[in-house]
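The values are calculated or read from the model by the stated rules, or taken from the named source; none is laboratory data. This one's a predicted model, so the numbers in the text were calculated from it and none came from an experiment. All Cβ positions, glycine included, derive from the backbone under ideal geometry; neighbour counts span all protein chains shown. For accessibility, only protein heavy atoms count, side chains too; no ligands or nucleic acids. Shrake-Rupley method; radii C 1.70, N 1.55, O 1.52, S 1.80 Å.
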Amino acid sequence: MPREFSRHQRLGHQVQRTLAELLQFEVKDPRVRNVSLTSVDLSRDLSVARVYFSLLEPDADAEEALEGLKNAAGFLRGKLGRAIKVR
């Protein structure tokens, strides 16, 4: 019986949930306070993740939020690697 979602889709949802928790509770940068993750697309070999986000406040600056996310990327990548175990 085939599964409803493929492995990279299930893992993408897990990455999205974990990143959302990290952004909400662990990132202290005020530029990413109004960011909501909308989806995560993983490549088939799980080597590349494309993360899509939206802003909760319509008048917030998207470029500023993007700079805040780029600044926190290393921190998020490290925490994500420790939180999700992939065999």
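Brief remarks follow.
- Residues satisfying the criterion are absent from region 14-30 (criterion: in contact with a Leu (Cβ under 9 Å, 6 or more places away or on another chain) and aromatic (Phe, Trp, Tyr)).
- Across region 38-87, the qualifying residues are those that are open to solvent by 60 Å² or more (accessible area, probe 1.4 Å), in a strand (DSSP E or B) and out of contact with any helix residue (DSSP H, G or I) (no Cβ under 8 Å at 6 or more places or on another chain), and the one among them that is nearest to Glu21 (Cα to Cα) is Thr38.
- Verdict on Ala83 being within 17 Å of Gln14 (Cα to Cα), in contact (Cβ under 8 Å) with a residue 24 or more places away in the chain and among the hydrophobic types (A, V, I, L, M, F, W, C): yes
- Meets criteria (surrounded by 12 or more Cβ atoms within 10 Å (Cβ to Cβ) and hydrophobic (A, V, I, L, M, F, W, C)) for Ala20: yes
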